[in-house]
Protein chains: 2
Amino acid sequence: MELEQMGKLAKEASRSLITLSKPAKNQCLLTLADNLVQNTDKILTANAKDIEKGEANHMPESLLDRLRLTGERIEGMAEGVRQVAALDDPVGEVLSMKERPNGLLVGKKRVPLGVIGMIYESRPNVTVDAFSLCFKTSNAVILRGGSDSIYSNMALADIIKKSLEENKITPDAVFLLEDTSRETATRMMQLNGYIDVLIPRGGAGLIRSVVQNATVPVIETGTGNCHVYVDAAADVDMAVAIVKNAKLQRLGVCNACESLVIHKDIANQVMPKLLSMLKENGCEVRGDERVQAYSSDVAAATTEDYATEYLDKIISAKMVDSIDEAIAHINANSTGHSETIVTNDYRNAQRFLNEIDSAAVYVNASTRFTDGFEFGFGAEIGISTQKLHARGPMGLEALTTTKYIIYGNGQIRP
Amino acid sequence: MELEQMGKLAKEASRSLITLSKPAKNQCLLTLADNLVQNTDKILTANAKDIEKGEANHMPESLLDRLRLTGERIEGMAEGVRQVAALDDPVGEVLSMKERPNGLLVGKKRVPLGVIGMIYESRPNVTVDAFSLCFKTSNAVILRGGSDSIYSNMALADIIKKSLEENKITPDAVFLLEDTSRETATRMMQLNGYIDVLIPRGGAGLIRSVVQNATVPVIETGTGNCHVYVDAAADVDMAVAIVKNAKLQRLGVCNACESLVIHKDIANQVMPKLLSMLKENGCEVRGDERVQAYSSDVAAATTEDYATEYLDKIISAKMVDSIDEAIAHINANSTGHSETIVTNDYRNAQRFLNEIDSAAVYVNASTRFTDGFEFGFGAEIGISTQKLHARGPMGLEALTTTKYIIYGNGQIRP
């Protein structure tokens, strides 16, 4: 099917999704969960074709693992869909309604975005996740997954469409691009009038390509060059525990710590402990001269190191003379994702919270908590690192917009 | 000054604006209001150069009028700035704060966007309006006005910078591009990393150019192909009054009605009155065959007519057999700005409010009320017709974003 035709049908479907009741939407999600489990064999057969192709193309084992589905993982997907069905549905809430002096009643109502375009990489579970969150909020969705997982995605999209039909809902509520070429992806990014918002999920290259090429509004997600700042007044053991957790608990995630900032006045107490903990865990450190003075294992950090999201057992480190220098360094180098200060100084904690320009700013906690589930949203479609529309972990509300509804009795403007 | 350098300085300024107190910001706005009035002669001298250039270029009188400043208009600008100073400042409000099971306190705080880029056409008052709204919300702003008003804009920007300095606030909180070339405007639209959001204000061509060329997130404003739908159950006199007001009270505005939709069952009662009212007011009607049957004055409407924002004494008209057809026609042709139904039927009113996909949807009132002041926001930086971030009239809140602030006591992720 032509992309424009898909956009047109998805737009029409989005109009009809608005009229669905909440129980009807939830029932359809429960049908989908059951159908996923019942079609396990079919999904695994399709996934095996993707895995076979990946192995033939010498895909690294870490990527193959993300791509691989099992009975357990399919059960996990279905459970995720059931959880979305159980969430509160934000659509339809009237956030405020006020009477104006002329008697007009002006209300602000939460409504779906319309048609959402998702562009993502090799994890096939995103196909089901994205559909369930978009559908829960009465949005139609056009999915463009990676070519690596095309067979898995086609099988999953087929099960989603059948689940919609079983519930007498238009299957045009979801489309999957079977053509995974770059040209078609670029055309999708410019489908103004049909797609209301694009959400890219994936590595820095994918995100950059969408930001550069899209004319449809984009919610930028993902890249996290997150910092831990160990203040002069830090609890040393807490600092070491937080750095260990933020850097090493999981390496390949956007809320992992990539860069360390240490106040010079606590360096003698904290640096030996920090460096030995990092060394024990096989983590390379790249630092400035004052950090290098604490260990011959520390390589010299370049300007680029301070701006790098390693997603690996590497961390950059910088020593500073003041919290002002720490804040300036972090604001200059971070990607606006998550940063934390370790301190017992009240004023410094407040200054860090106020002056750090990131989606999530912590005092005395690991950056690893930046996550829709950890924040209590019950779902997450991505983590926004831009300032427009949604910032930080995005739950169901991020998939909605508002409109003004105005009740009159013949008012005209004088 | 190089554009990148401006961006860098504006970004730095935005960091320091966050630390300003609310009274300090308001005091600076009051200084600006006084300085505008005190420098009336200087502003008028600069404006005269723009007017002279406009006359030499045979600029139409309507545009010259928008460009022309007078003592009274400058007093009006100053009064606008004083009103902004008096508004509630939304920055800093914590919208919610909840404790998670692990003891983390997760709060959502309203903060400035950072650096806002405004791209606008010939009205010099936008220079002062945009600065005052951005500054009130602790944002730095880069202004790119039209070449037509460059002398006026330079004089105004100079007075703004001096008012900042008098209040010991960095003058880098505002920049005006003196180079008004297209090339520089395009580079401004791609100043990612420095500009957080672009707000274009102007005609459809300007908006389209920004949407097509920007890589920085954009808030699309403006174009309004607004509809009045006269339902079968309409009060006929109310319908005529609302059409008259929405179409004719002011022609060149985005919330004016451009297209009429009439239910066939009320056509015999309403069409003669509507057509004679429009004729009396010199308004041309372009309709389908069923509309044409009511008067030989009605020209045939093309598909394009139904999609056109005339901003003139012309209106398109279409007759429909049902509210379903009316809703489908409006959703297919509107620009998502403002639409109204005239009806006494409860169910049709509810359906229209629910199913019309526009920023402002009315029952029994003129579309002309879509305006930040009419909605009670006390200010307006534009009217968003997109769904991301802000929709409809944008007041101070639209110039803010949120960030998560998280208070911990050593939490790490298990």
**Message:** Quick test for you: out of A:Ile150, A:Ile195, A:Ile199, pick the one residue that is over 27 Å from A:Thr401 (Cβ atoms) and of a type outside the set (Lys, Arg).
**Reply:** A:Ile150
**Hits in segment A:359-373 (condition: in contact with a helix residue (DSSP H, G or I) (Cβ under 8 Å, 6 or more places away or on another chain) and either more than 8 Å from chain B (Cβ to nearest Cβ) or of a type outside the set (A, V, I, L, M) (or both))** = A:Tyr362, A:Asn364, A:Ser366, A:Thr367, A:Arg368
**Request:** Just one of (1) among the β-branched types (Val, Ile, Thr); (2) over 30 Å from A:Arg286 (Cβ atoms); (3) not assigned by TED's automatic domain parsing to the domain that holds A:Gly107 trips up A:Thr400, so point out which.
**Result:** (3)
**Asked** Does segment B:362-370 contain any residue that is touching a residue at least 40 places away in the same chain (Cβ under 8 Å) and either assigned to a loop (DSSP other than H, G, I, E, B) or in contact with a Phe, Trp or Tyr (Cβ under 6 Å, 6 or more places away or on another chain) (or both)?
**Response** yes
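Okay, residues lined up against (1) outside the structural domain of B:Gly54 (by TED's automatic domain parsing); (2) farther than 23 Å from B:Ser209 by Cα; (3) touching a residue at least 24 places away in the same chain (Cβ under 8 Å); (4) among the acidic types (Asp, Glu):
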{"residue": "B:Glu99", "(1), (2), (3), (4)": "no, yes, no, yes"}
{"residue": "B:Val111", "(1), (2), (3), (4)": "no, yes, yes, no"}
{"residue": "B:Ser132", "(1), (2), (3), (4)": "no, yes, yes, no"}
{"residue": "B:Thr137", "(1), (2), (3), (4)": "no, yes, yes, no"}
{"residue": "B:Asp148", "(1), (2), (3), (4)": "no, no, yes, yes"}
{"residue": "B:Tyr151", "(1), (2), (3), (4)": "no, yes, yes, no"}
**Request:** Go through segment A:234-280 and give me each residue that's more than 14 Å from every other protein chain (Cβ to nearest Cβ) and not in a helix (DSSP H, G or I).
**Result:** A:Gly252, A:Glu258, A:Ser259, A:Leu260, A:Val261, A:Ile262, A:His263
**Complete:** Among (1) crowded, with 20+ Cβ neighbours inside 10 Å; (2) within 10 Å of chain A (Cβ to nearest Cβ); (3) among the charged types (D, E, K, R), B:Arg351 falls short only on (1)
**Prompt:** For B:Asn57, are the conditions met, namely being assigned by TED's automatic domain parsing to the domain that holds B:Ala85, within 16 Å of B:Ile150 (Cβ to Cβ) and under 26 Å from the mean Cα position of the chain (by Cα)?
**Reply:** no
**Complete:** Reported set for segment B:83-100 where residues are among the basic types (Lys, Arg) and assigned to a strand (DSSP E or B) is B:Lys98
**Prompt:** Going through segment B:199-221 one residue at a time, which ones are facing chain A (nearest Cβ under 10 Å) and either out of contact with any Leu (no Cβ under 9 Å at 6 or more places or on another chain) or in a loop (DSSP other than H, G, I, E, B) (or both)?
**Reply:** B:Arg208, B:Val211, B:Gln212, B:Asn213, B:Ala214, B:Thr215, B:Val216, B:Pro217, B:Ile219, B:Glu220
**Asked** Does segment B:392-403 contain any residue that is basic (Lys, Arg), farther than 30 Å from B:Ala239 by Cβ and modelled with pLDDT of 95 or more?
**Response** yes
**Request:** Considering every residue within segment B:81-104, establish whether at least one is at positive phi and surrounded by 21 or more Cβ atoms within 10 Å (Cβ to Cβ).
**Result:** no
**Prompt:** Looking at segment A:232-244, is at least one residue of a type in the set (A, V, I, L, M, F, W, C), surrounded by 19 or more Cβ atoms within 10 Å (Cβ to Cβ) and closer than 28 Å to A:Leu396 by Cα?
**Reply:** no
**Request:** Considering each of B:Leu133, B:Leu143 in turn, give the residue that is more than 14 Å from every other protein chain (Cβ to nearest Cβ), modelled with pLDDT of 95 or more and under 20 Å from B:Thr402 (Cβ atoms).
**Result:** B:Leu133
**Prompt:** Only one of B:Gly392, B:Gly376, B:Gly410 is more than 27 Å from the chain's Cα centre (by Cα) and within 10 Å of chain A (Cβ to nearest Cβ); which?
**Reply:** B:Gly410
**Request:** Considering only residues that are surrounded by 13 or more Cβ atoms within 10 Å (Cβ to Cβ) and of a type in the set (A, V, I, L, M, F, W, C), look in segment B:1-23 and name the one that is farthest from B:Glu183 (Cα to Cα).
**Result:** B:Leu20
**Asked** Any idea which of (1) out of contact with any Phe, Trp or Tyr (no Cβ under 6 Å at 6 or more places or on another chain); (2) more than 7 Å from chain B (Cβ to nearest Cβ) is the one A:Ser316 doesn't satisfy?
**Response** (1)
**Request:** Scan segment B:153-170 for residues that are over 21 Å from B:Pro200 (Cβ atoms) and without any contact (Cβ under 8 Å) to a residue 40 or more places away in the chain and jot them down.
**Result:** B:Asp158, B:Lys161, B:Glu165, B:Lys168
**Message:** Against the definition (part of a helix (DSSP H, G or I) and at pLDDT below 95), how does B:Leu63 come out, yes or no?
**Reply:** yes
**Request:** From the list B:Val81, B:Val128, B:Val91, B:Val115, pick out the single residue that is in the same structural domain as B:Ala173 (by TED's automatic domain parsing), within 20 Å of A:Leu388 (Cα to Cα) and touching a helix residue (DSSP H, G or I) at 6+ places or on another chain (Cβ under 6 Å).
**Result:** B:Val115
**Asked** Taking the condition at positive phi and either of a type in the set (S, T, N, Q) or within 14 Å of chain B (Cβ to nearest Cβ) (or both), does A:Gly224 pass?
**Response** no
**Message:** Residues that are surrounded by fewer than 16 Cβ atoms within 10 Å (Cβ to Cβ), within 14 Å of chain A (Cβ to nearest Cβ) and either of a type outside the set (Gly, Ala, Ser) or more than 22 Å from B:Thr401 (Cβ to Cβ) (or both): does segment B:105-125 have at least one?
**Reply:** yes
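The values are calculated or read from the model by the stated rules, or taken from the named source; none is laboratory data. Just so it is clear, the model here is predicted, and its values are computed rather than measured. Cβ: placed from backbone, ideal geometry, glycine included. Neighbour counts: every protein chain shown.
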